[in-house]
Each structure stands twice: as C-alpha cells, then as structure tokens.
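Below is one structure, written out as structure tokens; comments come after it.
Derivation of every value follows stated rules applied to the coordinates shown; laboratory data play no part. Values in this document were obtained by computation on a predicted structure and should not be read as measured data. Here the Cβ is made from the backbone with ideal geometry for all residues, glycine too, and neighbour counts use every protein chain on show.
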Amino acid sequence: MFRYPSLVNVAILLGSLLLSTLCTWFLVRYQGRWGVDAPDQNRKLHEKPISRLGGLGIFVTLSAGFLIMELRFPDFLERWAPVVISNCIMFAIGFADDLRPLGARLKLVGQLGTATILYSLGVSIDELSNPFGEGHFPLGWWSLPVTLLWFIAVPNIVNLIDGMDGLATGFGLFLCITLAFVGHYSGKPEVVTVSMIMGGALAGFLIFNFPPARIFLGDGGAYLLGFFIASVTVFTSSKGSVIASLLVVIVALGVPILDTLFAIIRRALMGVPLFRADAEHIHHRLILLGFSKARALIAIYAVCLVLGVVGMSIFWSRGLSLPIAGAALVLLALGSARYLGYVKSWRDVRAQLNMALARRKDMLYAQSYGRVLEWEAERCKDAEEFLSLFCLGIDRLELKRTNEEGFEAITLPLVTGLMWKIHVPKTSQSRDRWIAVAENLIPALNHATERWGALPGLSFTSPPTVPSATVASSR
C-alpha cells in the first residue's frame, strides 16, 4: 500500500478542477443539437434549451485521473480494473439516454447488467461487521441481492435529486469529501486520491451548474457519480465487511434517501409509475415556500454537510454515535414531511390518506382509459372516428380542449415533434397530478399523429427552438 504526501493530493484536486472546468467550458460554449434539454413550462422551467451532456466533462476528468494514477503506479489499473470498467459502462448507459431517451426499463436492465458484471469481478458485500464491536455476519446467498441493490440504488438516488441547478453536483462533492475522510481514517490512501479526482471534477463542473445553470449533469453524470460512490465504497472495504463504510455513506445520503422515500410514497398513493418525474421533490417544495433557488440550494447543502459530519462521527466513535445518527434521520424525516407540506396535519393523516387513495383510483382510471384509447388508435379506420373517441376521453378525464375559467394550458411533447396543448384544472396544489392525468393520453395521441398527422379539433404548437452548434452570445 502506497501513501501520498498531502501536497500531492492537493495538486491532484486542483488539476482535476482545472481540467473539468476546461471541458465543461467547451461543452457550454459549443453546445450542439444533441442532448439538449428544452423547457416544457410544466416541470422544466428554465428559460432556454440547455445541454444535459455535462457528465462528459466529469467522465473525461475522472478517466484522465485514472491514467495519471497508472503512470505513477503501474499496477493501479490492474487492481482497480473492475471499478474502472463498470463505471465506464454505467456512464455510457446514462450518456446514451442523454443523447436519446432509452426508457426507464431499458436503463434499469443496463444498470442491473453493470452491477452484475462488477459482482462477477469479485466486488461484493459478503459479510457485515458489527459496528459496535467484534464479530461478523456472513450474508451467504444474500450477498448477490444486497450487492446489486446497493449498486443500483445509489446511482438512482443521485439521479432522482438532479432536478435543481447545482443540487446533485454539490451533494456529490459532499459525498466525495466523506469518502475521502473514510479512506483517510481507514488507512486507504488510494480512496483519498480517487475521491480527490472526482471531487475536483465536480467542483469544476459546479462553476457552470450553480444557479442559473448553463449546463446540466444529465443521466450520464448522475449515474457515474452515484455508481462511483457505491463501487468505491465496496471495492475498498476489507473482505467485503463494509458496514461501517455503508453506514457513513447512508447517513450522508440522508437528504436524497428522504427525497426518494417521499417520492415512492407519493407516487404509490397517486397510482403513477415510480420512475415518473414530477415537481414535488424537496427542492420544489422549498421554492413553493418562498425560497429562491440559491437559498433553497444553500439550505439543502447545509443539511447535507451536517449529515456528513454525523456520518463521519460513526468512524470517530466506532459506532457509538449510530443511535444518534438514526434519531437524526427520523427527526429529519418527520420534520421535513410536516414543514414541506407532504403532511398537512399529523392529526388528519388518516383523512389525507383516504383522499390520496381516492385520487389513486382516479389515476388508475385515467391509465386504463389511456390504454383503451391507445388500442383505438390502432383499430379506428380514420382520424375522424378516433378523434370522436379521443375527445370523449378528454371530457371523461375532466380536461378541456379550449381555455375556460378555472383552467390553465399545458403543453406535452409527442414523438412526432408536435407539442399538444391541453387545459387542466387550475389548482396549484394538484397541478402535477393533472399533468400526470393528461400524460396518460400521450401514447394514444402519439400513435394517432403518426398515422394521420395533426388531428383537427386539437391544439398543437411547434416545439421550442433548439440552437444550432454555434456560440451562444449569452454564455
């Protein structure tokens, strides 16, 4: 095992920051038509199309850092090959989705395959050590599902919170600091150095990702960041006994884990797919409460920093602070649920639950109706026959084709390049729910417009203009 002088780590950090800054600057300045995220006025409220290929600069910086490590220590890539290979594959999956959406199922299959490859290369959670003392708990056949769950969960948790400028990037920077701390106190200088490389890459990218963002992390960057944390944590743990490292990272992951838990409960009660995006995340709620983007980001950063310190205390106290860390997470969950408005009143939880279940039935009805209309788009002989059925569906779902009092317009993209304009009830607390209802009609409308083009009687607009591969004057 080799050790680095602290000045070398500082130089590596600064070098990574500089390279990442240059790569990201190039991506921002020469933004092309590929991988551009256009605003939709529903959940994507940025003013103009922005590139979501920011993960490429982080990947280039991380790859360069690995090559430098190999030049200094010729056996580095040989020993770290499983981590390097799997992280490259995971980035490729996310980056491909940034260029052209792959769909949630295909991405999940790719993540599962990548995690399986890493497991087959010997990187696994085989046993859990007792954080309070001596002894180990062998996992046996549970090793495979536990390892795969860890490798898949962390990238998706990081990706889930990547809905606000600078949030996932800054959070990843805190995680890298935590990981470097774990490596230092565990006597693993390699972990410190690779964490410095990723930390520098994220810091350089954050310059352009801080509100207002000029480039987005994208799935490629989010998957790479999450999988890097997950894989390095397990790979550098002694004999697969990783409970201490896992606990530190899990506590540091407190905010995104909490956000993910709220999202799962919220979407389950609404009856929508778990991977469906919405505008009800913690950062969205803070903005609704009157926080500016910068203030909301700083508030979340502060909580992440505190949780990171709490997680590190598990190492300092050799597990004695674990009950305190658990209590902190529980209090954070209860307080956040009430303050952010997920729970209106603890006394009326049962009534709120009954109302949510009633709305779930409405959502399931909308999904079923949308599926029927999708079949009708195939069975109908002409556009007029389908249009009559489709308009009936709009009425049945309590939507409007034209603007009326108490309704507001939303636009939803179609695969044909058109933007469908529909009007939903104007109620701020359930706007996202009504968008989800309208989205159930999109598959049928996609198929119909592919067969007959823009249907008369429905309102369509042109998609937002995407800038060509030229220098944007405002950047």
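For this structure, a couple of remarks:
- Selection of trypsin sites (Lys or Arg not before Pro), region 356-395, meeting DSSP coil and at most 13 other Cβ within 10 Å: Lys381
- The slack between Ala356 and Ser63, meaning 0.36 nm per residue of separation minus the straight C-alpha distance, is 100.8 nm.
- Too-long pairs where the Cα-Cα distance tops 30 Å, listed order kept, from Lys107/Lys188; Lys293/Lys400; Lys361/Lys426; Lys293/Lys421; Lys293/Lys426: Lys107/Lys188; Lys293/Lys400
- Karplus (6.51, -1.76, 1.60) ³J(HN,Hα), θ = phi - 60°, over region 255-268, in Hz, Gly and Pro reported as x: 5, x, 5, 5, 4, 5, 4, 4, 5, 4, 5, 4, 6, 5
- The Cβ shell under 12 Å around Asn446 holds other residues with a net charge of -3, Lys and Arg each +1, Asp and Glu each -1.
- Net length gained if the chain between Ala333 and Glu408 were fully extended (0.36 nm per residue, minus Cα distance): 23.6 nm
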